[in-house]
Amino acid sequence: MPARRAVDPAAARAAVLVLEQWLRDDREPAPDRAGLAAAVRLTARALADVAPGGSVEVRIPPFVAVQCIPGTQHRRGNPPNVVETDPRTWLRLATGLLSVPEAVSAGVLTLSGSRAADIEGLLPVVRLDPT
């Protein structure tokens, strides 16, 4: 299998900017599926580029799952360290509009395993201008 190319930070930012109003205000209409999928995939893969490895699996169903953070590689079965959330929560985390502790306490982010919380220090991967 050929190696995956690194994510272009400008492409990731552009994909997220299209969704910015929806990320800031849940009363905004939901974005189209293709745009949402692109933003989720690009930001998750950007995280994997920033922290390559296989010790933590980040799942954002139905769009993507990536492995990241150096350490013991996981290859089969259930990974020992999993981060899972929905697409909107992921994008809010990936842009710094929501923190990991806030998401966990709201029940919209699941962290399992001793290394899952390590993603907190790697976010945001795309910064939005404050408003």
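Taking the numbered list (1) at pLDDT below 95; (2) in contact with a Cys (Cβ under 9 Å, 6 or more places away or on another chain); (3) open to solvent by 40 Å² or more (accessible area, probe 1.4 Å) in turn, GLY53 passes all entries but (3). A residue that is in contact with a Ser or Thr (Cβ under 8 Å, 6 or more places away or on another chain), open to solvent by less than 80 Å² (accessible area, probe 1.4 Å) and in a helix (DSSP H, G or I) occurs somewhere in region 24-41.
Residues in region 52-69 that are within 13 Å of ILE119 (Cβ to Cβ) and either among the polar types (S, T, N, Q) or in a loop (DSSP other than H, G, I, E, B) (or both): GLY53, SER55, GLN67, ILE69.
Cβ separations smaller than 7 Å between residues 6+ apart or across chains give the following pairs from region 81-102 residues that are at positive phi to residues that are modelled with pLDDT of 95 or more and surrounded by fewer than 24 Cβ atoms within 10 Å (Cβ to Cβ): GLY96/LEU123; GLY96/PRO124. Residues in region 75-99 that are assigned to a loop (DSSP other than H, G, I, E, B) and of a type outside the set (Gly, Ala, Ser): ARG75, ARG76, ASN78, PRO79, PRO80, ASN81, ASP86, THR95, LEU97, LEU98.
Among the residues of region 1-23, the one identified as of a type in the set (Val, Ile, Thr), over 12 Å from PRO87 (Cβ atoms) and open to solvent by less than 60 Å² (accessible area, probe 1.4 Å) is VAL7. Would you call VAL126 modelled with pLDDT of 95 or more, under 21 Å from ARG4 (Cβ atoms), in contact with a Lys or Arg (Cβ under 8 Å, 6 or more places away or on another chain) and part of a loop (DSSP other than H, G, I, E, B)? So VAL126 fits the description; yes. Within region 80-91, the set of residues being out of contact with any Lys or Arg (no Cβ under 9 Å at 6 or more places or on another chain) and open to solvent by 10 Å² or more (accessible area, probe 1.4 Å) comprises ASP86, PRO87, ARG88, THR89.
The values are calculated or read from the model by the stated rules, or taken from the named source; none is laboratory data. Being a predicted model, the structure only gives us computed values, none of them experimental. Neighbour counts are summed over all protein chains in view; Cβ atoms, including those assigned to glycine, are modelled from backbone coordinates with ideal geometry. These area figures cover heavy atoms from the full protein model, side chains too; ligands, DNA and RNA do not enter into them. Shrake-Rupley method; radii C 1.70, N 1.55, O 1.52, S 1.80 Å.
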